[in-house]
Amino acid sequence: MKRIVAIILVMCIIMMGCMRLKDTDEITQQQLVISAFNASNAKVLKSTLLCQGVIDGKVWNGNKPTIEQIEVLGEDLIRELETKYIPIERRSDKSDTVTKYSVRIQTAQHRYVKLTLWHESLDDNGTGQTYIKYELTQDLSYDDIYKGAQRLQNTLIPYVDNITTMTTVIGTYKGKLTAQEAYEVSQSILQEAQAKSVVNTEKDDTVTVFGYTPLYKQYVKVNNQKANLSILMYYNDQEDRTYIMLQSIP
């Protein structure tokens, strides 16, 4: 499990719902990832919705926000997003160039939210930008990923200039998949997402596939080709399980 967490972090650095797919204009990133993951027939371990954006400068009237203002906005957003929750951790940090506040809460069994706000100053006058990062994590399920994205978008509209999202679902299979089985899984996912494979690599017990689907607009370039979906599979011999991670690319 530590290995897949490390791989997720690396992929994020490099690259930075349960229903059938319909017409292009009706599909969200979350719906696509969830529907495509279902085609893998893997057991769900964890799902994550990660959103990042830039706070509109008008929120601070063009001024540099104080740590108190950032804390107040963070708490206000949490209350708008979640009606019932248990605080787990609150943390404030301040340096000459960065003012940061984060809050982590538990909203239900196996469901966690972390909200981080930070302002980066570019000069001594406080000129800079304020950023927001929201992470919703569900263990053993992906039930709230689609609803969480809708709720987040509606809440952040008055505050955020632009926002990018990344949806991840992690699952497992018992035992080791053969090369043919891993290929068939990746093809089932791509077919459900109406995607084509643009990069496919296999090394040791790890298979990585980048694909492109026209069902949502965001994409990055991988080997000079459009890609907005990634599939990662690897075998853990100590647990005798094959892990699979399906992730949208913002």
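Where a number appears in this text, it was derived from the coordinates with a stated rule and is not lab data. Since we're looking at a predicted model, the values are computed, not measured. All Cβ positions, even for glycine, are placed from backbone atoms using ideal geometry, and neighbour counts span all protein chains on display.
Computed over all pairs of different Cα atoms, the Kirkwood value for the hydrodynamic radius of the stretch 113-202 is 17.2 Å. Extension gain for Ala179 to Gln225 (0.36 nm times residue separation, less C-alpha to C-alpha distance): 14.1 nm.
Of the trypsin sites (Lys or Arg not before Pro) found in the stretch 130-232, those in coil by DSSP whose Cβ has at most 15 other Cβ atoms within 10 Å are Lys176, Lys217. The separation of the stretch 166-180 from the stretch 30-61, counted between C-alpha centres, amounts to 19 Å. Here each label is just a point 7 Å from Cα along the line to Cβ, and for Ser197 and Ser121 those points are 5.2 nm apart. In plain terms, the chain from Val54 to Arg151 could stretch by 33.2 nm, reckoned as 0.36 nm per residue minus the Cα-Cα distance. Within a straight-line Cα-Cα reach of under 17 Å, Lys203 can be paired with the following lysines, leaving aside sequence neighbours fewer than 8 residues apart in one chain: Lys176.
Cross-link partners for Lys46 among the aspartates and glutamates, with Cα-Cα distance under 12 Å and sequence neighbours closer than 8 places in the same chain left out: Asp139, Asp143, Asp144. Inter-label distance, Val98 to Glu135: 1.4 nm, where each label sits 7 Å from its Cα along the C-beta direction.
On a 26 Å Cα-Cα criterion, which of the cross-link pairs Lys58/Lys94; Lys114/Lys226; Lys94/Lys147 come out too long? Lys114/Lys226; Lys94/Lys147, as the Cα separations exceed 26 Å there. The three principal axes of the Cα atoms in the stretch 2-248 give end-to-end lengths of 59, 39, 35 Å, sorted in falling order.
The slack in the chain from Asn61 to Asn41, taken as 0.36 nm per residue of separation less the alpha-carbon distance, amounts to 2.2 nm.
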